[in-house]
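Input: a single structure, listed below in structure tokens.
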Amino acid sequence: MSRASLVLVAALGLVATAVLAAPPGPPPGPPPPYQMRPVAPAGDRLKPGGDGKVLFEVHCGYCHLTGGMGTNLLTKQQVMAGNTPDKGLLANRTDLTADYVRTVVRMGKGAMPQQTKVDLTDAELDAVAKYLGKAG
Amino acid sequence: MKLHLPPRVSPKQFQAAMTAFAGVVGKDWVMDSDADRDAYSDTYAPGSTEEWPASAAVAPASVDEVRAIVRLANEHKTPLWPVARGKNLGYGTAAPRLPGTVVLDLGRMNKILELDTKLAYCVVEPGVGFFDLYEHIQREKAPLWMSVPGNAWGSVLGNALEHGIGYTPYGLHARNLCGIEAVLPDGDLVRTGMGAMSNNPAWHLFPMSYGPTFDLAFSQSNLGVVTKAGVWLQPAPESSLEIVWDIPKVEDIGWVVDTIAPLKISGLIDQNVFIPSWLGKMVLKGQRRDFWDKPSAIPEWRVEELLKEHKLGYWQVALRLYGEESVVKAKAEVVKAAMKRNLAAGPAEHWWHPGDYIHGVDTTMGIPSAVPLQMSDWIGGRGAHMGFSPVVPATGKHVLDQMARSRKIIADFDVDFYASFTIGGRFANNVNMLMYDRDNAAEVVKMRKLFDALITETAKAGYAEYRTHLGWMDPVMETFDFNNHALRRFGEKVKNALDPNGIIAPGKQGIWPAAYADARGRSNKV
């Protein structure tokens with residue numbers, strides 16, 4: 001994708017603009033976070049009690065970290081709903097419940113396709129739902 | 001989704017197969033609940049997901065487990081649909097062609113087995129995604145670049161095996177494959193090329209080995225389950241220059257192709273040059289209703305207005321050159337002079353040197369991203385889309401002819417025209433993106449009729465698709481008609497010889513084993 005079209009991508013929303021607009025100067029450091037997710041934890045993926053933050057970043061980070069596709073779309077939706085743009089990041093939301101997170105992951109929502117148990121096991125999903133489900 | 005059994009398999013036999021699979025992979029990795037079947041359905045299905053339903057999914061973690069599952073599938077006459085990461089979005093996602101087939105999900109086999117910086121290649125398992133490989137290369141600080149598709153959520157091998165394309169010098173992804181390991185339909189294990197010799201270090205380096213060359217026989221194919229492969233990577237260039245032209249008029253695509261294709265064929269341009277129409281940029285600026293609030297196609301006068309308002313050309317050429325700076329500079333002069341013959345306005349130029357910022361969404365630099373999938377929000381709803389993707393010779397005459405035909409058919413159906421051409425050498429891949437609301441039954445019916453019409457009319461003109469959705473695998477194979485469909489007859493002879501029970505991906509790309517040939521041309525109409 002060309003830089004010209006990137007500027008158009010950036011025009012999506014307030015925060016998206018700040019995040020996506022190509023800076024004029026030299027390197028600001030490493031690649032964007034959604035392209036450098038943490039290393040997936042080793043061990044049995046079926047075992048409960050994993051680190052919800054790490055698992056969220058590993059398995060949902062393709063789209064839901066800064067600059068990701070899901071973040072861009074959610075930022076726009078949040079701003080239109082009168083919320084602050086930082087709420088486009090799921091990790092900043094305080095209104096999500098664990099059950100809601102589980103349902104959206106397994107059933108999909110809007111442009112987000114449903115996720116299989118190979119994408120995210122039930123144990124991993126429980127940990128992610130606990131991490132994101134700040135509303136209980 | 002309720003259970004749709006494979007043909008001629010009773011509920012009891014099906015349960016026996018599931019129990020046998022669980023004995024190999026563990027019961028947690030046999031997924032056969034209603035919710036699991038939904039998870040493996042086609043998320044962008046043009047219509048009901050029950051038209052192409054999986055009965056279950058099974059997820060092995062090793063080559064040995066794949067071999068055991070394949071042997072058991074033969075024993076239980078239960079067909080398998082192998083997917084790498086199951087993200088074949090727009091072409092069926094993870095769903096199988098034959099109703100009741102069990103998805104063989106290779107997503108757990110996600111090891112990067114080798115990364116060779118000197119000879120610029122890697123060896124990966126099918127579950128390795130573009131993001132995984134990119135992050136590994138970054139962590140290793142390896143001076144290597146990848147080639148990625150528009151939406152890079154999927155698998156490196158899955159995309160290459162499905163003939164996916166990218167926008168770098170390594171953009172013909174199937175051509176980057178070198179040396180494949182595959183489980184055959186009887187559970188046997190084969191390595192292609194130099195890998196046919198034990199411990200041969202040139203396995204992933206030399207593509208034209210001794211004897212018949214089978215690597216690509218496993219692409220868009222149902223002859224085996226690929227369990228690992230070598231993938232060539234691009235050495236990181238010393239510099240790169242992006243040159244961007246806005247091309248004003250729709251008919252300009254003719255001279256643009258006649259200008260760029262010869263430079264691509266000669267090797268002066270080495271990337272796949274992607275030329276999207278204006279709508280390709282508009283879809284990232286908002287939703288359709290922000291720009292045109294009627295269900296009818298956006299009329300030409302409104303297109304003109306939008307191009308003016310948003311300072312867009314009808315097309316955009318964003319061409320990238322790679323290599324030593326002096327070479328890139330010299331190449332750029334040749335390209336600019338060639339373009340200037342038809343376009344007075346000079347291009348925008350963006351240099352890149354190692355250490356410079358790379359934008360998170362730059363497919364021409366091999367950065368994986370799912371952001372281009374944001375186009376699925378254009379219509380809203382569940383973001384359904386399908387690509388009609390014929391291949392034409394890379395000349396202005398062929399491209400204009402193809403475009404005029406598609407454009408008229410699409411206009412006759414009162415649908416927006418959203419085309420791109422990617423010049424990959426002597427050919428151009430034309431993708432006509434059709435975006436629709438899959439919860440609007442009338443719209444789905446219209447899109448399906450439109451898709452049928454595009455295939456039929458394009459074939460009459462002598463052009464074919466290179467890839468298609470599950471629902472059109474048979475009609476597209478039907479268009480390959482030379483000598484009474486000799487290619488299909490050959491494919492099916494080979495299929496029947498290797499897979500007498502027809503258990504690997506029956507119907508894939510319109511190749512049907514005898515065991516399920518009665519399902520040709522059919523789906524679960526619901």
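The values are calculated or read from the model by the stated rules, or taken from the named source; none is laboratory data. The structure presented is a predicted model; accordingly, all values stated were derived computationally and were not measured. A quick note on method: Cβ atoms are made from the backbone with ideal geometry, for glycine too, and the neighbour counts reach across all protein chains shown.
Annotations for the structure displayed:
- In region B:430-443, the residues that are touching a residue at least 40 places away in the same chain (Cβ under 8 Å) form Cβ pairs under 6 Å with partners that are among the hydroxyl-bearing types (Ser, Thr, Tyr) and assigned to a helix (DSSP H, G or I), at six or more places apart or across chains, as follows: B:432/B:406.
Per-residue answers, yes or no, for (1) aromatic (Phe, Trp, Tyr); (2) touching a Phe, Trp or Tyr at 6+ places or on another chain (Cβ under 6 Å):
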position: B:182; (1), (2): no, yes
position: B:205; (1), (2): no, no
position: B:218; (1), (2): yes, no
position: B:221; (1), (2): no, no
position: B:227; (1), (2): no, no
position: B:244; (1), (2): no, no
position: B:278; (1), (2): yes, yes
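- Matching residues in region B:437-451 - criterion: being surrounded by fewer than 22 Cβ atoms within 10 Å (Cβ to Cβ) and not hydrophobic (A, V, I, L, M, F, W, C): B:437, B:439, B:440, B:443, B:446, B:448, B:449
- When the residues of region B:347-362 are filtered to those that are modelled with pLDDT of 90 or more and surrounded by 18 or more Cβ atoms within 10 Å (Cβ to Cβ), the one that is nearest to the other protein chains (Cβ to nearest Cβ) is B:350.
- Region B:487-526, subset of a type in the set (Phe, Trp, Tyr) and either more than 16 Å from residue B:473 (Cα to Cα) or assigned to a loop (DSSP other than H, G, I, E, B) (or both), residue nearest to the chain's Cα centre (by Cα): B:512
- Where residue B:391 falls short, out of the listed (1) of a type in the set (A, V, I, L, M, F, W, C); (2) crowded, with 23+ Cβ neighbours inside 10 Å; (3) in contact with a Phe, Trp or Tyr (Cβ under 7 Å, 6 or more places away or on another chain): (2)
- Considering (1) assigned to a helix (DSSP H, G or I); (2) within 14 Å of chain A (Cβ to nearest Cβ), the lone condition that residue B:335 does not fulfil carries the number (2).
- Put simply, of B:415, B:399, B:444 the only residue that is farther than 30 Å from residue B:270 by Cα, assigned to a helix (DSSP H, G or I) and among the aliphatic types (A, V, I, L, M) is B:444.
- Residues in region B:162-209 that are crowded, with 16+ Cβ neighbours inside 10 Å and among the aromatic types (Phe, Trp, Tyr): B:167, B:170, B:203.
- Residue B:16, sole failed condition from (1) surrounded by 21 or more Cβ atoms within 10 Å (Cβ to Cβ); (2) outside any loop (DSSP other than H, G, I, E, B); (3) away from chain A (no Cβ under 14 Å): (1)
- Each residue in region B:364-382 was checked for being within 16 Å of residue B:138 (Cα to Cα), of a type in the set (Ser, Thr, Tyr) and facing chain A (nearest Cβ under 7 Å), and 0 pass.
- Filtering B:55, B:33 for residues that are crowded, with 21+ Cβ neighbours inside 10 Å, more than 24 Å from the chain's Cα centre (by Cα) and over 18 Å from residue A:112 (Cα atoms) leaves a single hit, B:55.
- Extreme residue, surrounded by the fewest Cβ atoms within 10 Å (Cβ to Cβ), among residues of region B:221-259 that are in a helix (DSSP H, G or I) and of a type in the set (Asp, Glu): B:251
- For region B:157-173, the criterion of a residue being of a type in the set (A, V, I, L, M, F, W, C), modelled with pLDDT of 95 or more and part of a loop (DSSP other than H, G, I, E, B) is satisfied by no position.
- Here residue B:276 clears all of (1) touching a residue at least 60 places away in the same chain (Cβ under 8 Å); (2) touching a strand residue (DSSP E or B) at 6+ places or on another chain (Cβ under 8 Å); (3) in a helix (DSSP H, G or I) except the condition numbered (3).
- Test: residue in region B:249-266 that is in contact with a Phe, Trp or Tyr (Cβ under 6 Å, 6 or more places away or on another chain) and within 14 Å of another protein chain (Cβ to nearest Cβ): no
- Within region B:39-48, the set of residues being in contact with a helix residue (DSSP H, G or I) (Cβ under 7 Å, 6 or more places away or on another chain) and within 14 Å of chain A (Cβ to nearest Cβ) comprises B:39, B:41, B:42, B:45.
- The residues of region A:42-58 that are of a type outside the set (D, E, K, R), over 10 Å from residue A:131 (Cβ atoms) and either away from every other protein chain (no Cβ under 11 Å) or not in a helix (DSSP H, G or I) (or both), listed by number, are A:42, A:43, A:46, A:48, A:49.
- Any hit, region B:38-45, residues being surrounded by 20 or more Cβ atoms within 10 Å (Cβ to Cβ) and either assigned by TED's automatic domain parsing to the domain that holds residue B:227 or farther than 30 Å from residue B:433 by Cα (or both): no
- Matching option when the condition is aromatic (Phe, Trp, Tyr) and under 18 Å from residue B:43 (Cα atoms), among B:81, B:145: B:81
- Residue B:159 being within 14 Å of chain A (Cβ to nearest Cβ) and under 23 Å from residue A:68 (Cα atoms): no
- Matching residues, region B:95-111, being of a type in the set (A, V, I, L, M, F, W, C) and either farther than 24 Å from residue B:123 by Cβ or part of a strand (DSSP E or B) (or both): B:95, B:98, B:102, B:103, B:104
- Only listed residue being within 11 Å of another protein chain (Cβ to nearest Cβ), among the hydroxyl-bearing types (Ser, Thr, Tyr), within 12 Å of the chain's Cα centre (by Cα) and in a loop (DSSP other than H, G, I, E, B), chosen from A:66, A:71, A:116: A:66
- Candidates in region B:70-107 are the residues that are within 14 Å of another protein chain (Cβ to nearest Cβ) and β-branched (Val, Ile, Thr); of these, the one that is surrounded by the most Cβ atoms within 10 Å (Cβ to Cβ) is B:83.
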